Amino acid sequence: MSSSNTPIGIFDSGAGGISVLKELVTILPNESFIYFADSANCPYGPKQPEKIIELSNCITKFLLDKGCKTIVVACNTATAAAIDFLRGNYNVPFIGMEPAIKPASLNTKTKSIGVLATAGTFKGRLYIETSRKFASDVNVCYQVGEGLVELVESGMANSEESENLLRKYIEPMLDCNIDHIVLGCTHYPFLRPVLEKIIPKSITIIDPAPAVARQTEKVLKENGLLSATKNLPSIELFSSGSSRILKFLMEENIQLTARTSIKYVDGISACNA
């Protein structure tokens, strides 16, 4: 088992996992993090599960070579396709993105909820099992958010293009009388300001990132892996493409203390893919 003072690994198909890192930094301020954005292969949503497993496996090896004590799969599509494989092949804790259908289904008053996610997430075991268990008596109005990841990755989350595309996806959900909308991709929280312009204030937006951060803290405690000392925390961000959007989202969304060192590295290939 890794030392408690080694970093936490995080990976995503791109920069979406910064929404999870934001919550992790808040709840675990003494921890260091290594983030891998597979921007060269983004988006994962349309890819076959076998390809996502291959990419996730390479990234996991990269993070473990960096000494990571646990790995957060901060990508709904990668969680759906690869987390069972990763847990079966590596002896470190993995925390994935849980489909937040449960809280939406348990709290809906209209018995109708919306889920915005990638095609890969909707096909995953976790989504299917959670839907069957908790949403059997609820109308689930779901929508594949095709094109939204690309807009976030291009720095256009708050653009007119984003608003037009979101309206196309959300208006059918409003016709279904939803009172909760689940964000089923880690890129989508960055669209929240635009989303809030489109939907009534009575509709609750559910972002699973805070729950994932709490689960990470719980897993670290259970495995004796919480940082034992108040180290000077560091954050290293690696990208298989450009780190431009990583820098932008970090600066816009994460308040780092002067104690935290941060480093960006571009063009790192975890896989020869």
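The values are calculated or read from the model by the stated rules, or taken from the named source; none is laboratory data. The model shown is predicted, which means the values in this text are computed figures rather than measured ones. Glycine gets a Cβ as well: all are built from the backbone with ideal geometry, and neighbour counts include every protein chain shown. Accessible surface is based on the protein model in full, side chains and every heavy atom, while ligands, DNA and RNA are left aside. Shrake-Rupley method; radii C 1.70, N 1.55, O 1.52, S 1.80 Å.
Values computed for the structure shown
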{"item": "Under the span-like rule (Cα at least 30 Å along the axis, Kyte-Doolittle mean at least 0.5), DSSP H helices of the chain", "result": "none"}
{"item": "For segment 151-262: rounded, prolate or oblate by the Cα gyration tensor [a/c cutoff 1.5]", "result": "oblate"}
{"item": "Most mobile of P172, P200, P233 in a GNM of the chain (Cα contacts under 10 Å)", "result": "P200"}
{"item": "Top of C185, C68, C58 by mean-square fluctuation, Gaussian network on the chain, Cα under 10 Å", "result": "C58"}
{"item": "Distance (nanometres) between label positions extended 7 Å along Cα→Cβ at I27 and A211", "result": "1.1 nm"}
{"item": "Fluctuation leader among G147, G124, G88 - the chain, Gaussian network, Cα springs under 10 angstrom", "result": "G88"}
{"item": "Cα-based reach from K102 at 15 Å (exclusive), listing aspartates and glutamates while leaving out same-chain residues under 8 positions away", "result": "E129, D137, D179, D207"}
{"item": "Per residue accessible area in Å² of segment 82-193, where ligands, DNA and RNA are left out and the probe is 1.4 Å", "result": "46 Å²"}
{"item": "Length released on extending from I262 to K197, taking residue separation times 0.36 nm less the Cα-Cα span", "result": "20.1 nm"}
{"item": "Segment 43-103 shape via C-alpha gyration tensor axes, a/c threshold 1.5", "result": "oblate"}
{"item": "Calculated P(r) of the chain - Cα pairs past 33 Å, %", "result": "17 percent"}
{"item": "Count of lysine pairs in segment 158-273 with Cα separation under 25 Å (8 or more residues apart, or interchain)", "result": "6"}
{"item": "Value at 222 nm in deg cm²/dmol, rounded to 500, when DSSP H runs of n ≥ 4 in the chain each add -39,500 (n - 2.57)", "result": "-12500 deg cm²/dmol"}
{"item": "Neighbour net charge for G184 - beta-carbon separation under 11 angstrom, K R +1, D E -1", "result": "-2"}
{"item": "Zone of N5's modelled label, taken as backbone nitrogen in segment 25-60 under 14 Å from a point 7 Å along Cα→Cβ", "result": "31-32"}
{"item": "Qualifying trypsin sites (Lys or Arg not before Pro) in segment 177-273, DSSP loop, other Cβ atoms within 10 Å at most 11", "result": "K201, K230"}
{"item": "Gain in span if fully extended, R125 to N223, counting 0.36 nm per residue against the direct Cα distance", "result": "32.7 nm"}
{"item": "Surface accessible to a 1.4 Å probe, R125 within the full protein complex, Å²", "result": "90 Å²"}
{"item": "Where labels lie 7 Å past Cα in the beta-carbon direction, separation of E236 and D65 in nm", "result": "1.1 nm"}
{"item": "Cα gyration tensor shape for segment 209-269, rounded if a/c is under 1.5, else prolate or oblate", "result": "prolate"}
{"item": "Net lengthening on full extension, E171/S159 (0.36 nm per residue, minus Cα-Cα)", "result": "2.5 nm"}
